[in-house]
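Working notes for the structure below.
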Amino acid sequence: MKRSDSRHLLKFKEEKLCEQQGYQLIAGVDEVGRGCLAGPVVATAVIMPRDTCPSWFKKVRDSKLLSAEQRESLSPLIHDVAISIGTGIVLPDLIDAQGMTKAVRLAMSKAIQNLLPQPHFILLDYLTIPGLTLPQKGVVNGDTLCFSIACASIVAKVFRDSMMLELDKKYPGYGFAQNKGYATEEHIANLHRLGPSAIHRRLFWPVKNSAQLSFYDIKGLK
């Protein structure tokens, strides 16, 4: 077995541990958009089959390690074979009202609720969800170690990126089609020039103080 194949098989470790405990439908959950200045937080829950292993499985990685083209190629393949996919969206006004951690957990909860059938066990990237009735486990660095969570990260990223393309048409001038709401130099410059849009997160320091900031003040927040 090649070393790269061995590393790939390790991604099923958490799913296998769940199966050994008698759980059959195991959902991986991840979110995207946490570090953005604008746009929603999106979470996706994915139940992947364990009785099939297409050749493209070996290409699955944390979405941050893939190019946009690779993500856009893998996302429809994941949709085609997944037992179920659920998505949860939390908009900027609710992010401002509840804070980021609660917003992420809410998006994840919505994603899980939208799964049909419902899973028997939940694997999440790092966080756990208080009050969730289903058994769950937060996996540290789950999007780089767990196959189901990595699949969820890819689908969530492609979904959110498509939302930002549409929001760029509704709120032109900020470059959302390119920056996807993240704190790029162009985004900061346009925020200085135009002021915050309706989908900017008002309580985020770079937005709240945009008139006094330069890109170099906040580039570390990307």
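The values are calculated or read from the model by the stated rules, or taken from the named source; none is laboratory data. Fair warning: this is a prediction, and the values are worked out from it, not measured in the lab. Reconstructed Cβ throughout: ideal geometry from the backbone, glycine too, with neighbour counts over all protein chains shown.
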> Is it true that some residue in region 156-167 is on the phi > 0 side of the Ramachandran plot and either assigned to a helix (DSSP H, G or I) or exposed (fewer than 14 other Cβ atoms within 10 Å of the Cβ) (or both)?
Replying inline: no
>> I need the full set of residues from region 143-155 which are more than 14 Å from Thr44 (Cα to Cα) and assigned to a helix (DSSP H, G or I), in order please.
In response: Thr144, Leu145
>> I'd like to verify a number: residues in region 177-186 that are touching a Lys or Arg at 6+ places or on another chain (Cβ under 9 Å) and closer than 29 Å to Pro76 by Cβ, how many?
In response: 5
>> Gly173 - would you say it is crowded, with 23+ Cβ neighbours inside 10 Å, in the same structural domain as Ile199 (by TED's automatic domain parsing) and outside any helix (DSSP H, G or I)?
In response: no
> Inside region 176-204, can you point out the residues that are assigned to a helix (DSSP H, G or I) and of a type in the set (Phe, Trp, Tyr)?
Replying inline: Phe176
> Are there any pairs, at least 6 apart or on different chains, whose C-beta atoms fall under 8 Å, with the first in region 128-143 and surrounded by 11 or more Cβ atoms within 10 Å (Cβ to Cβ) and the second of a type in the set (A, V, I, L, M, F, W, C) and in a loop (DSSP other than H, G, I, E, B), and if so, which?
Replying inline: Gln136/Ile129; Gly138/Leu127; Val139/Cys146
>> Against the conditions (1) outside the structural domain of Leu25 (by TED's automatic domain parsing); (2) modelled with pLDDT under 95; (3) out of contact with any Leu (no Cβ under 9 Å at 6 or more places or on another chain), where does Val140 fall short? Just the number, please.
In response: (1)
> Across region 40-97, what is the number of residues that are closer than 20 Å to Thr128 by Cα and surrounded by fewer than 22 Cβ atoms within 10 Å (Cβ to Cβ)?
Replying inline: 4
